[in-house]
């Protein structure tokens with residue numbers, strides 16, 4: 001975004017949801033210390049997402065497509081908040097907030113996918129960004145499988161949320177991987193989506 005001086009194709013609403021996710025998840029920065037690496041990682045995640053929001057809504061506001069970024073995020077936040085209150089590991093404030101962040105992360109990408117489905121196209125950088133996020137989640141699933149067999153570790157909440165998030169990326173993966181068959185058309189600066197089975201509105 002900084003190089004192109006543009007935020008075209010990026011959903012500000014998805015970034016706000018991710019900011020909410022990281023802020024809620026890393027509230028333990030104020031209550032506990034694990035390691036310098038862990039603290040720096042959390043600060044980096046929070047700082048990066050808020051800087052991205054600054055670029056979208058202030059620095060490069062003129063390039064932001066607010067007309068197509070119209071997903072009603074309250075339809076995600078309200079049910080996710082209710083679910084976190086009802087289904088969690090421990091009925092304690094920080095635990096409920098952490099659970100809320102896990103649930104919200106699983107659906108935070110929906111405004112971005114909805115934006116792509118409305119325009120029928122995505123900037124190349126947006127496509128690579130989504131592919132990277134989907135790959136990250138898929139690798140997380142592999143890590144959970146390994147930890148289950150190697151350590152006996154199993155977190156049902158995190159696993160279910162991760163599966164939901166991965167499913168949301170499946171259609172995009174299908175288009176991305178089969179681009180050579182005409183599902184994606186590459187132009188100079190963007191990718192045009194055709195005949196997507198799941199992203200239709």
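The values are calculated or read from the model by the stated rules, or taken from the named source; none is laboratory data. Computed from a predicted model, the values in this text were never measured in an experiment. Cβ sites come from the backbone with ideal geometry, for glycine too, and all protein chains shown count toward neighbours.
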Do we find a residue being modelled with pLDDT of 95 or more and in a helix (DSSP H, G or I) anywhere in region 105-112?
-> no
State the number of residues belonging to region 71-84 that are part of a helix (DSSP H, G or I) and touching a residue at least 12 places away in the same chain (Cβ under 8 Å).
-> 6
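A quick yes/no check of all residues on (1) surrounded by 11 or more Cβ atoms within 10 Å (Cβ to Cβ); (2) under 15 Å from residue 10 (Cα atoms); (3) touching a residue at least 60 places away in the same chain (Cβ under 8 Å):
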residue	(1), (2), (3)
43	yes, no, no
49	yes, yes, no
53	yes, yes, no
56	yes, yes, no
59	yes, yes, no
62	no, yes, no
69	yes, yes, no
Among the numbered conditions (1) at pLDDT below 95; (2) touching a helix residue (DSSP H, G or I) at 6+ places or on another chain (Cβ under 8 Å); (3) within 26 Å of residue 95 (Cα to Cα), tell me where residue 50 comes up short.
-> (1)
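A quick yes/no check of all residues on (1) assigned to a helix (DSSP H, G or I); (2) surrounded by 15 or more Cβ atoms within 10 Å (Cβ to Cβ); (3) at pLDDT 75 or above; (4) within 17 Å of the chain's Cα centre (by Cα):
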position: 128; (1), (2), (3), (4): yes, no, no, yes
position: 135; (1), (2), (3), (4): yes, no, yes, yes
position: 145; (1), (2), (3), (4): yes, no, yes, no
position: 153; (1), (2), (3), (4): no, no, yes, no
position: 159; (1), (2), (3), (4): yes, yes, yes, yes
position: 162; (1), (2), (3), (4): yes, yes, yes, yes
position: 191; (1), (2), (3), (4): no, yes, no, no
Would you check which residues across region 12-41 are outside any helix (DSSP H, G or I) and free of Cβ contacts under 8 Å to residues at least 60 places away in the same chain and list them?
-> 26, 32, 33, 34, 35
Boolean, residue 91 is farther than 20 Å from residue 166 by Cβ, part of a helix (DSSP H, G or I) and out of contact with any helix residue (DSSP H, G or I) (no Cβ under 7 Å at 6 or more places or on another chain) | no
Name, by its number, the condition in (1) crowded, with 16+ Cβ neighbours inside 10 Å; (2) modelled with pLDDT of 95 or more; (3) closer than 23 Å to residue 115 by Cβ that does not hold for residue 96.
-> (3)
Please find, among 44, 91, the residue that is closer than 21 Å to residue 129 by Cβ and modelled with pLDDT of 90 or more.
-> 44
Residue 97 vs (1) part of a helix (DSSP H, G or I); (2) over 18 Å from residue 19 (Cα atoms); (3) more than 17 Å from the chain's Cα centre (by Cα); (4) touching a residue at least 40 places away in the same chain (Cβ under 8 Å): all pass except (2)
